[in-house]
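Notes for the one structure printed next.
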Amino acid sequence: MTRPSSDISLTWLLRLRWITVASQTAAILVSLRLLPGELAPLPLLGLVALGALSNLFLQQRLRKPEALHPSLPGLVLGLDILLLTGLLYFSGGAANPFTAIYLVHVTLAAVVMRGVWAWGLGVLAIAGFGLLFFWNVHVHSLAHMDHGGGISLHLVGMWVAFAITAGLIAAFVGRVTESLRQRDEELAALRDLSARQARLAALATLAAGVAHELGTPLGTIAIAAKELQRAADSLGLVASDIPQDAALIRSEVDRCRRILDQLADPSGTSLGEDFRDLAWSELEADLLEGVAPEDRARLAFDWPLEPCGAMPRRGLARALRAVVANALEATARPGPVRVCARRGPERWQVEVLDQGCGMSAEVLARVGEPFFSTKPTGSGMGLGLFLARTFAEQLGGELRVASAAGSGTTVQLDWPHA
């Protein structure tokens with residue numbers, strides 16, 4: 001399972017913080033040797049130890065299975081900015097040359113966080129740097145940078161230059177990072193679409209082979225059913241159930257042959273099928289085809305007054321028929337299943353609502369995967385929603401499933417008007 005981005009950002013950030021703790025400790029020890037008696041080691045080392053302890057706590061939290069709050073990396077960066085401000089306060093304030101490290105934190109904030117968080121952390125760094133001009137522990141060896149007698153124009157210029165630099169870094173790095181995120185999401189979506197198209201091509205090959213192999217046994221069944229009906233008629237068994245059963249077998253064989261003809265027809269796919277004006281009544285008739293009489297009474301259709309327009313009729317009916325069949329199976333009899341369509345500003349939307357037991361979050365995450373089904377073995381192949389989603393995507397639309405355990409399921413298929 002893919003880890004949330006906040007977990008990944010925090011893991012990477014914790015490693016960087018350990019490097020920072022080691023670097024700060026080394027810098028303090030070297031400064032104590034170079035500036036004997038001018039720095040207070042206890043406050044400085046205490047702040048570094050506080051950062052190390054917070055890192056240990058975060059590492060323990062990261063090992064727990066619960067998902068982290070997305071704002072946690074931003075809070076960690078905010079703590080680091082405050083700790084850096086404390087270290088600079090005890091080591092000369094704005095006169096300390098290590099104030100440039102503020103820009104590192106601003107850059108990290110722009111990379112790890114988004115929007116308000118990135119700008120908020122940038123403002124916190126600018127405020128911390130500005131406060132160091134007024135409050136700090138004076139270090140004599142850095143006095144050549146001390147502009148005593150109030151805040152001079154040079155110090156104001158330093159602070160303004162820092163603020164401008166931090167703002168530019170936050171804006172530029174944030175924009176680049178966001179562009180990279182969007183590119184990664186688009187590439188992931190394209191990879192997912194390519195994988196589904198490859199599966200669909202494999203299914204088309206499989207369907208062609210199945211259509212070829214089933215032709216002969218279906219013909220044999222049709223002949224046997226016809227002979228059975230003739231034998232029953234010749235024996236005078238007209239009043240028995242045998243002729244009716246034979247007729248039913250022949251009608252079902254004819255239906256199977258029509259389905260196989262569609263699989264073998266070059267225009268059987270939605271992309272190759274001709275677009276023609278489709279009336280909602282025609283679509284309703286297609287959806288009712290093959291549905292048992294007791295289930296037909298459970299279907300409630302709500303069609304808009306506007307015509308559907310040009311659509312590949314067989315592709316749309318095939319996609320919706322699979323969704324309706326799932327809804328009828330999920331809803332206990334005599335519970336109703338609603339099929340409603342509406343025209344949005346830019347897209348048509350068709351919803352199928354059932355009153356079943358709903359889906360868990362784990363099942364909902366896998367809905368639409370080929371050959372994934374929660375039905376008993378032999379009751380389904382798990383291809384209905386996959387083919388419906390593929391059809392919607394071929395039209396430039398999408399299929400969405402909303403469900404929760406105990407509250408039924410809503411499947412929405414939409415596509416552009418034209």
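Read-outs: derived from the displayed coordinates by stated rules, not from any lab. Fair warning: this is a prediction, and the values are worked out from it, not measured in the lab. So basically every Cβ, Gly included, is an ideal-geometry build from the backbone, and we count neighbours across all protein chains shown.
Couple of notes before you dig in:
- Taking all pairs of distinct alpha-carbon atoms in the range 276-416, Kirkwood radius in angstrom: 15.4
- Based on the convex hull around the alpha carbon atoms, the range 34-135 presents an average projected area of 7.3 nm².
- This ranking places THR390, THR107 by how few other beta-carbon atoms lie within 10 Å of each, fewest first, which gives THR107, THR390.
- Taking the number of Cβ atoms within 10 Å of each Cβ as an exposure proxy, the fewest-first ranking of LEU413, LEU132 is LEU132, LEU413.
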